[in-house]
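These notes concern the structure reproduced below.
Since every read-out is calculated from the coordinates, none of them should be taken as a lab result. Since the structure is predicted, the reported quantities are computational estimates derived from the model, not experimental observations. Glycine gets a Cβ as well: all are built from the backbone with ideal geometry, and neighbour counts include every protein chain shown.
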Amino acid sequence: MKKLITVFLILALLIPFAAFADLPDISHLSFNELVELRDQIDIAIWNSQEWQEVTVPPGVYEIGVDIPAGHWSVRPFEGCGPAYVIYASGVQDQGHDVDLFAGDYIMECLCDPSSELYSAEYKTTTSIIMEAGHFVRLDCTMIFTPYSGKPDLGFK
């Protein structure tokens, strides 16, 4: 009898959790509601501990909208470069380029070591603290990873 009650209690506890395993029905949501939900999901993914890096194609992106604000390490995709990463506070040319005259900007020329054009004069990675409302232009596909600090140089 005790075994039967134990099994019944275990099943009673598992049934509510099984109900949460189903994804919600979103077919009734409007376009704007779906976009807002996608934005919320993106933010949740960005804040997840499992998220480690993302590959971003060339283009101009708004920080806080397209790329989350934060401290990022940026490196070119395999074989890419030399190419610029330009971070600035504004855009020009109807959003197709960053505006170097709008305020603070950072410009880095990066090259992947596997590129045919690589030489020691090029940096292979950079780190930038990117603020919401600013913009970044990528001249080739770049890999963004959360900044994890400066490498240990071995000093005691």
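Okay, which of region 94-136 sit inside 17 Å, backbone N to the point 7 Å along the Cα-Cβ direction of residue 147?
Hits in region 94-136 for residue 147 at 17 Å: 104-109, 124-136.
What fraction of the DSSP beta bridges in region 53-148 is antiparallel, stated in percent and rounded to the nearest 5?
Around 95 percent of the beta bridges assigned by DSSP in region 53-148 are antiparallel ones.
What are the ³J(HN,Hα) couplings of region 54-62, residue after residue, when phi is run through the Karplus curve with 6.51, -1.76, 1.60 and θ = phi - 60°? Round to Hz, x for glycine and proline.
Result, ordered by residue: 9, 9, 10, x, x, x, 10, 10, 8 Hz.
Rank-order 125-134, 31-40, 89-98 by packing density, defined as the average count of other C-beta atoms within 10 Å over each peptide's residues, highest first.
Order by mean packing, descending: 125-134, 89-98, 31-40.
Obtain the nm distance between the two label points defined at residue 54 and residue 116 by a simple spin-label model: each point lies 7 Å from its Cα along the Cα-to-C-beta direction.
Those two pseudo-labels are separated by 3.2 nm.
What list of ³J(HN,Hα) couplings, whole Hz, do you get for region 22-34 from phi and the Karplus terms 6.51, -1.76, 1.60, once you set θ to phi - 60° and write x for glycine and proline?
Each residue's phi maps through the Karplus curve to give 6, 6, x, 7, 10, 5, 8, 6, 6, 4, 4, 5, 5 Hz.
May I ask for the Rg/Rh ratio of region 53-148, computed from Cα atoms with Rh as the Kirkwood radius, given to two decimals?
The Rg/Rh ratio comes out at 0.96.
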